[in-house]
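Colleague: What follows is a structure written as structure tokens; I'll ask about it next.
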Amino acid sequence: MLNIAVIGTGNMGAPMSINLAKAGHHVKVFDIVPEKMAPLKVHGIAAAEDHRSAVVDADIILTMLPTGVEVKEVYFEQAMQHAAAGSILIDSSTIDLNDAHAVHVVAKDKGFLMIDAPVSGGTAGAAAGTLTFMVGGSEHALNTASPALSAMGARVVHCGDAGMGQAAKMCNNMMLGIQMASVVEGFHLARRVGLSNEKLYEVASSSSGNCFSLTAFCPIPGIVEVSPSNNDYRPGFSTDLMLKDMRLALNAAQQKRLDLDMAPIAADLYQQFSDDGNGDLDFSAIYKMLE
Ligand code: NAD
């Protein structure tokens, strides 16, 4: 069994830590907000006093942090300073592609194996241990990290070299964000021309309009049991997280001089909805804004 340090025990990092402990690993966590670590104690998870004591004897260091700012800070100023030689670094946060590359470069310089391994599956997948990991890095690094990944997820896709896990996550979520805008507009048009929500769902979900935004996040309450719309649009996947991911995609496109047409429009919808104070609602709730 491995010594695993988890840095960042928020909505995702906490349940992921619990699954690592359930798999028999020795888990030590650190979060700058001590209350985030307290509920993990009953699962046999130790709360470290600081970054250094979390990582110093770890075989694997897993970070689950908000953005690339915190990820660079934690690796450059803490983890890479104090981790034992030979520790494997796994960053599962969703971060900017440039930040991911920057951390990989320094990790390589310092002799650490590293993978970027952002996830899909949300908090429910994190709790159930059914996350999908999108991995960037060498095959050797992935194989070495796999005992930890298999404790937290059901599927691992090796997307390519350093940064390609983040690239996959960014493209996928941009597609999801655009899809939701199309689903919402489909329901609004249906209503305007007198077609019921139920009939549109019945047709679209089994024909060419079918997509994940329709079948897993249906914005109309009362149609898909598991959809956040049935729970007052409590996430699910919050508007602010969707907005963050859309912005990561738009930044990458801008840097590569790629003109995207649909993504900026969809991102503006989520931005407007968030500016109106709805950032905590599921991203499917933009249905209400366009009503
Ligand atoms: P969160 O805000 O709940 O958790 C982040 C945690 O990091 C917080 O507890 C915070 O206190 C801690 N933290 C911040 N800076 C720190 C530092 N310097 N050192 C130690 N701890 C620090 O966020 P989350 O929902 O758990 O998401 C984490 C990452 O996973 C994000 O990048 C997010 O985009 C991604 N993600 C989230 C979901 C989701 O459904 N929540 C799904 C897929 C991916």
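The values are calculated or read from the model by the stated rules, or taken from the named source; none is laboratory data. Remember, predicted model here, so these are calculated numbers, not experimental data. Glycine also receives a Cβ, built like all others from the backbone with ideal geometry; neighbour counts cover every protein chain displayed. Note: accessible area is taken over every heavy atom of the protein model, side chains too, but ligands, DNA and RNA are not part of it. Shrake-Rupley method; radii C 1.70, N 1.55, O 1.52, S 1.80 Å.
Colleague: For the stretch 135-149, check the following and say yes or no: at least one residue is more than 27 Å from Ala14 (Cβ to Cβ), away from the ligand (no atom under 16 Å from the Cβ), not polar (S, T, N, Q) and not assigned by TED's automatic domain parsing to the domain that holds Ala263.
Modeller: Yes, because at least one residue in the stretch 135-149 is more than 27 Å from Ala14 (Cβ to Cβ), away from the ligand (no atom under 16 Å from the Cβ), not polar (S, T, N, Q) and not assigned by TED's automatic domain parsing to the domain that holds Ala263.
Colleague: Could you check the stretch 31-53 and list, in sequence order, the residues that are within 13 Å of the ligand (Cβ to nearest atom) and touching a Lys or Arg at 6+ places or on another chain (Cβ under 9 Å)?
Modeller: Across the stretch 31-53, the qualifying residues are Ala47, Ala48, Ser53.
Colleague: Still on this structure: Which of (1) open to solvent by 10 Å² or more (accessible area, probe 1.4 Å); (2) farther than 10 Å from Ile7 by Cα; (3) within 13 Å of the ligand (Cβ to nearest atom) does Asn98 not meet, given it meets every other one?
Modeller: Answer for Asn98: the failing condition is (3).
Colleague: Of the residues Ile90, Ile18, Ile61, Ile95, only one is assigned to a loop (DSSP other than H, G, I, E, B) and of a type outside the set (Gly, Ala, Ser); which?
Modeller: Ile95
Colleague: Could you say whether any residue in the stretch 75-86 is polar (S, T, N, Q) and either buried (at least 24 other Cβ atoms within 10 Å of the Cβ) or more than 29 Å from Phe217 (Cβ to Cβ) (or both)?
Modeller: Yes, the conditions are met somewhere in the stretch 75-86.
Colleague: List every residue pair whose Cβ atoms lie under 9 Å apart, where the two residues are 6 or more positions apart in sequence or sit on different chains, the first residue falls within the stretch 24-37 and is in contact (Cβ under 8 Å) with a residue 40 or more places away in the chain, and the second residue, located anywhere, is more than 6 Å from the ligand (Cβ to nearest atom) and assigned to a strand (DSSP E or B).
Modeller: His25/Asn3; His25/Ile4; His25/Ile60
Colleague: Any residue in the stretch 54-76 that's more than 6 Å from the ligand (Cβ to nearest atom): show its pairings with residues that are open to solvent by less than 60 Å² (accessible area, probe 1.4 Å) and aromatic (Phe, Trp, Tyr) at Cβ separation under 6 Å, as long as the two are six or more apart or on different chains.
Modeller: Ala54/Phe30
Colleague: Scan the stretch 116-133 and give yes if some residue there is part of a strand (DSSP E or B), crowded, with 24+ Cβ neighbours inside 10 Å and away from the ligand (no atom under 13 Å from the Cβ), otherwise no.
Modeller: Within the stretch 116-133, not a single residue is part of a strand (DSSP E or B), crowded, with 24+ Cβ neighbours inside 10 Å and away from the ligand (no atom under 13 Å from the Cβ).
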